[in-house]
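Structure record follows, encoded as structure tokens.
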Amino acid sequence: MRFKDKHVVVTGGTRGIGRAVALAFLREGAICHATYRGNDAAAESLVEEAGDAGERVRLAKFDVADHDATEAFWQGLGETPIDVLVANSGIRRDAVLAMMSPGDWDAVIGTNLTGSYTMSKFAVQNMMRQRHGRIIFTTSPAGRFGFEGQGNYSASKAGQVGLMRSLCKEVAKRGITVNCVSPGFIATELLDDLPDELVKSYKKSVPARRFGTTAEVASAVTFLASDEASYITGATLDVTGGL
């Protein structure tokens, strides 16, 4: 129960990796504020899956790319001290760059990168009051390697790492750590639309010869959020099976 009665915010916390992260914190006693943009059914099922811990779930529906909506969310928390922010919201809108629409570029940068900025901006303001906090961005190896047809996604993920490296230096003296978790190919709905042949190709590229699980990513996140990781900041923890 490392996080008993601590308040944790997980964006994109009702599906995929974010859902697994939220459930992991709930199992360890946290009060989890799970944000989501639109899927009410997924949000409700998170509470059901949490069982008795469901009473410690706080759902919040808004778009993390919307600065005003994000500010309203944080204002709604009032004086509640937030111990952990996991900026996990992420989307894909794949296309080769020459054919990519401005809308697809803006949507991915908005959710993945701007959302990290808006959430961490207000998280820092909250955490500075108690001189303690953990901020964790969910990035991707795409930010380092780049993948064909994912120029917007790769740019957003590389941007998260740059944001993390800058922010960690700004807040270290206030007892706030800032890190990234970088999941490789993880079995979530984000990969559901990939052709079977591409999935086989991706699996062959992973030394572990399999996709990871959301629980494996959640374990890395909870470690970086724990007291045991108090001297780790400015780091990116790969969860990639050796990719």
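Of note:
- For the range 110-243: relative contact order, % (alpha-carbon pairs under 8 angstrom, 6 or more apart): 28 percent
- Vicinal HN-Hα couplings computed from phi for the range 47-52 (Karplus, 6.51 cos²θ - 1.76 cosθ + 1.60; Hz; Gly/Pro x): 4, 5, 5, 5, x, 4
- Overall, the ratio between the Cα radius of gyration of the range 194-235 and 2.2 N^0.38 Å, rounded to two decimals, is 1.66.
- Here the Karplus relation 6.51 cos²θ - 1.76 cosθ + 1.60, evaluated at θ = phi - 60°, turns the backbone of the range 116-128 into coupling constants of 5, 5, 5, 5, 6, 4, 7, 5, 4, 4, 5, 6, 5 Hz, with x for every Gly and Pro.
- Charge sum, other residues only, whose C-beta stays under 11 Å from residue 174's C-beta, Lys/Arg counted +1 and Asp/Glu -1: +2
- Among the listed pairs 4/203; 61/169; 6/169; 121/203; 61/200, those beyond 26 Å (Cα-Cα): 4/203; 61/169; 121/203; 61/200
- If you run the Gaussian network model on the chain, springs between alpha carbon atoms under 10 Å, then out of 107, 34, 72 the most flexible one is 72.
- Think of each Lys and Arg Cβ as +1 and each Asp and Glu Cβ as -1; about the Cα centre, that makes the dipole of the chain roughly 900 debye.
- Across the range 32-41, coupling constants 3J(HN,Hα) worked out from phi with the 6.51/-1.76/1.60 Karplus curve, θ = phi - 60°, read 10, 8, 9, 9, 7, 9, x, 8, 5, 5 Hz, and Gly and Pro carry x.
- Candidates 16, 39, 54 compared by Cα position along the dipole of the range 1-63: farthest toward the positive end lies 16, with charges placed on Cβ.
- Over the chain, relative contact order from alpha-carbon pairs under 8 Å, at least 6 apart, %: 19 percent
- Alpha-carbon Debye profile of the range 86-155, log10 I(q)/I(0) at 0.29 Å⁻¹: -1.25
- For the chain, the longest principal axis of the Cα atoms and the long axis of helix 214-225 meet at an angle of about 40 degrees.
- Ratio of Rg to Rh over the chain (Cα coordinates, Kirkwood Rh, two decimals): 0.95
- FRET E, pair residue 4, residue 45, Förster distance 22 Å, beta-carbon r, rounded to 0.05: 0.35
- Residues whose amide H falls under 5 Å from that of residue 239, counting only those 5 or more places apart or on a different chain, are 182, 184, with hydrogens built in the peptide plane.
- Per-selection Kirkwood Rh - the range 27-137 (Cα, Å, 1 d.p.): 15.4 Å
We did not get these values from a lab; they are worked out from the coordinates using the rules stated. Source: prediction; values computed, not measured. No Cβ is skipped: glycine too gets one built from the backbone with ideal geometry, and neighbour counts run over all protein chains shown.
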